[in-house]
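Take a look at the structure below.
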Amino acid sequence: MKAYKLLISLWLVQGVADIVHAANLPPGFAEVLVAQNLDPTAMALSPDGRIFITEKNGRVLIAENGQLLPDPFLILDVDNYNERGLSGIAFHPGFAQNGYLYLYYTVKGENHNRVSRFTADGNYVVAGSEIVLMDIDQLNGTIHNAGSMMFGVDGKLFISVGDGANGVAPQELNSLLGKILRINDDGTIPEDNPFYHEASGVYRAIYALGLRNSFSMAVQPGTGRILATEVGAGSWEEVNEILPGRNYGWSVIEGPIAGQTPPANYMDPVFSYTHGQGCAAVGAAFYNPEMQMFPQVYVGKFFFADYCQGYIKYLNPDNPAVALVFATNINRPLNFVVAPDGTMYYLARAGLGGGSEEDNTATNNGTLWRVFYTGSGAPFVSVNPQSILVSQGEDAQFATAASGTMPLFYQWQRNGSDIPGANAAEFIFQNAILTDSGSAFRCLISNVNGADTTLSAELRVTSSQRPEPEILSPSSGTLYRAGDVLHFSGRAMDNEQGELDPAALRWKIDFHHDQHTHPGLMPTAGITEGDFSIPTTGETADNVWYSIHLTATDVSGLSKSAVREVFPVKTQFHVTSVPTGLPVFIESNFLTTPVSVTSVVGIARRIEVLSSIPAGDSILLFTQWSDGETDPVRAFAAVDDTVTFTALYENYPLGKGTGIRGYFYDGPPFDPTFYEPYKFTWIDTTIDFNWELSSPAPIQLGDDFWLVRWEGFVEPLFDDTYDFHIIADDGIRLWVDDQLIIDAWVPQPPTEWTGTIALEGGKQYPLKLEFFEEAGGAVCQLFWSSGRIARSIIPRSQLYPEMTSSTNPTVTIPMRIYPNPVNDVLTIDMQDAMYGILNIEISNVLGRVMLRKIPEVPSGGDIQIDVRHLSAGMYWLKCRLESGEFIIVGFVKE
């Protein structure tokens, strides 16, 4: 049987206040409300058992011994708009000794998030102790901030960064957005980070990429395994295992791969679910406490929640195919932690206007709960009824929340006596009169296993009537544009006091998006009028409006509110492309042209198209917009008139390359002439290697003191000036078109070098790259970039192998093989009869000989070899010439 939870609220003539929900828990579990009236985003448990809660408004609160302390630990001045604000916290493993804790927040007025370290002194921060460790990249919008932080078992700080409404950034190594970062406790970057040698500067902190808004992370004690929840876009929610260097797909892939084309190093979710089961995966905790309280079935399990559906589920990280329900009926679960004593705490955010299915909205109704296991089905009161003040003639509502084996029986009492018919979790006392004032109400809750009784709540009744507020401006029907200054004014009349003083008035402006609410003007008292500047950035949807609230409170404590709604002026803009049907990002939404967008006039918008798009055996390259602008990003303010943006692309055929040939030598690394003959040769599809402390072939080369020469041809896609970039540890030399453009033939740690040369598109240029490894790590990566293509590893399609003599690699042998790749018959074309072939041998990549053949045409002419019996893969063709030389050529069997 499942335990049943109820609710508590206050009844006002204006309606019921936001409800404090308690959860439906499994039999034998109970919970208690620890704190309420929160604006929560995250929490963390200090080593001494205190719970530190971050609020979006910049405050850090402490709950200690089941009570919320009255003073904040600290108050940060943050950008508290939309999803921005204070959103992450973590404790240093040595917090008990050094007092270090870490916060993630949006810097006010600077449009970026920040990670800082603070020092605690008891229940307060040490003044002036903030040390800024990292400033995250600029944001494109006010959503997808992430902010989860934790220390791994390796003592490193892991940081989750959202894509900031930039759908392109998660796949780029020159952006921190859409990533998991890993840094040392002092903000420096560990040299064993997976992209340390490929990236530069702060971007070396990237640990994993391809994430949209990985809201929560948890590390499993003992194993060090990291699981993280990922808030999805249109279709899927995910739980991901975070591993070094892995790519989680966004915005190329959402949800399980299921036939989609993955990026390099792609990692599928360990668990995912569709939006039919929820809309935002949040929260993350492993149940591995020092003391076990929950039943054994929960030990080692990973807990997560869905923000919209209000449930907490758990799964087995070793077999994560199925997630089972732990709790339901939670008003927007957000975050949870497991305490050393085996109890679990969770935050429920609630939210104004019903909360948000898409982001973290404004609230002062958040709650902190403690979940524990009793093993008993007896009732347990989680929430007590609250005292209330009403005006004579109004109704008063009392409510409780309890857990226990169903069914639960309720009996409300007034001044110790049963109230006939008051047998539900809620009780409404109707038409209160003055003589009812001072009455005490409580509830007895029972079931077959026992009983429990709530604390008493007092009803107070006054003869005063509620005041009548009136909003004078803006007038009904007023419309706004983003960037406008909205003037508001009002007053309130009271039967007893007449017109109320400004001190009795409180203003609040809420920004509505569909069914949820963001903060606009925070509650402001003591004025009869004011001005509110409508932002030009933020929510870009068009189903938005503002509501202006005026609340008046008289001397007796009675309140009443008036509201005025103000709607926007709207427009449209269109995005097209030539050719049509190409991807475009509008803010963080991945769409396909043509696209028509309705927008609020004046709001800042952002369009981005891709610089290059694969298209079969060619590539589409962005050239310009139809109005002549050449930046693929268009940032603009929506105007009253309809505007069309057309992105123009040109089609360039890809090359037919299969890679570039490498010759591997074992010998003194500084010798500029190399030692002949080479140990072996093969074709590398790209030059993108981090051998760490080893080599390409440890048996033949050992781990240290070896060399490689890659020779072949590179084919540019179009006419341009190209930058060739090499990251190397140790020495390198690069020739393109027989010009030495990079020369760094010295031992060195991973270092980037760049050479520049102008090339013609479609023409094959000789390329030679020499590399030596002395000792320690070994890295060699070859990139290119130009004004029209982003920096990237030179792809296989644009690299061609060169066929050379084994004893004199600089002599070109007039022979070619085709087709390559091959399906049925491989043809050898000896273009010069003086190079006769005595025999032919084909081996696989492991060195096993698959075919030996004496050619039927020993001198000159074409030789055909049937390779249909070979399975798909890479092979080596070895030809022994009449001169005694050997030619070794790689080919691919499809």
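The values are calculated or read from the model by the stated rules, or taken from the named source; none is laboratory data. Computed from a predicted model, the values in this text were never measured in an experiment. Because the Cβ atoms are built from the backbone with ideal geometry, glycine has one as well, and the counts that use them run over all protein chains shown. Heavy atoms of the whole protein, side chains included, go into the accessibility calculation; ligands, DNA and RNA do not. Shrake-Rupley method; radii C 1.70, N 1.55, O 1.52, S 1.80 Å.
What base-10 log of the normalised intensity I(q)/I(0) is obtained for the chain from the Debye formula, alpha carbons as equal point scatterers, at q = 0.05, 0.09, 0.10 Å⁻¹? Debye output, listed in q order: -0.39, -1.02, -1.18. Ligands, DNA and RNA excluded, the heavy atoms of Arg182 present near 10 Å² of accessible surface to a 1.4 Å solvent probe. Put a dot 7 Å past the Cα of Thr827, heading toward its Cβ, do the same for Ala541, and the two dots end up 6.2 nm apart. Taking each residue as 0.36 nm, the span from Asp154 to Asn364 lengthens on full extension beyond its C-alpha to C-alpha distance by 71.9 nm.
Only helices enter the 222 nm calculation for the chain: every DSSP H run of n ≥ 4 contributes -39,500 (n - 2.57), and dividing by all residues gives 0 deg cm²/dmol, rounded to 500. For the stretch 573-654, the Stokes-Einstein estimate of translational diffusion at 20 °C and a viscosity of 1.002 mPa s comes to 164 µm²/s, using the Kirkwood hydrodynamic radius over alpha-carbon pairs. Surface composition of the chain: carbon plus sulfur atoms hold 50% of the accessible area, using a 1.4 angstrom probe and ignoring ligands, DNA and RNA.
Convex hull volume of the C-alpha atoms in the stretch 253-347, normalised per residue: 114 Å³.
At q = 0.11 Å⁻¹, what is the base-10 log of I(q)/I(0) for the stretch 640-791 according to the Debye formula with one equal point scatterer per Cα and no solvent? Please give it to two decimals. So the normalised log intensities work out to -0.46.
Which of the three applies to the stretch 222-275, rounded, prolate or oblate, going by the alpha-carbon gyration tensor with a ≥ b ≥ c and a/c under 1.5 meaning rounded? Here the stretch 222-275 falls in the oblate category. Pairs of Cα atoms in the stretch 139-219 fall into 5 Å distance bins, from 0 up to the last occupied one, in shares of 3, 19, 26, 25, 18, 8, 1 percent.
Using a Förster distance of 35 Å, how high is the FRET efficiency between Thr642 and Tyr266, based on the Cβ-Cβ distance and rounded to 0.05?
My answer for the efficiency is 0.30.
In the structure shown, the pairs Lys56/Lys313; Lys179/Lys301; Lys179/Lys656; Lys156/Lys301; Lys656/Lys768 are assessed against 27 Å; a Cα-Cα span above that value is assigned to Lys179/Lys656. Rolling a 1.4 Å probe across the protein heavy atoms gives the chain an accessible surface of 40 Å² per residue. As a calculated quantity, the FRET efficiency between Asp135 and Glu191 at R0 = 30 Å, using C-beta atoms, amounts to about 0.90.
Model label points for Asp418 and Ala635, set 7 angstrom from Cα along the Cα-to-Cβ axis, are 7.0 nm apart. Between Phe590 and Ala872, the simple spin-label model (points 7 angstrom out along Cα→Cβ) gives 2.4 nm. Using the average count of surrounding beta-carbon atoms within 10 Å as a protection proxy, the listed peptides 426-436, 247-257 rank, highest first, as 247-257, 426-436.
This model, with +1 at the C-beta of Lys and Arg and -1 at the C-beta of Asp and Glu, gives the chain a dipole about its Cα centre of some 1980 debye. For an R0 of 30 angstrom, estimate the FRET efficiency from the Cβ-Cβ distance between Met291 and Asn37 and round to the nearest 0.05. For Met291 and Asn37, the calculated efficiency is 0.45. Note on the stretch 40-178: Kirkwood hydrodynamic radius from all Cα pairs is 15.3 Å, rounded to one decimal. Loop-located chymotrypsin sites (Phe, Trp or Tyr not before Pro) in the stretch 583-671 (DSSP state not H, G, I, E or B) with no more than 16 neighbouring Cβ atoms inside 10 Å: Phe670. Of the residues Thr462, Gly164, Thr229, the one whose Cα sits farthest towards the positive end of the charge dipole of the chain is Thr462 (charges of +1 on Lys and Arg Cβ, -1 on Asp and Glu Cβ, taken about the Cα centre).
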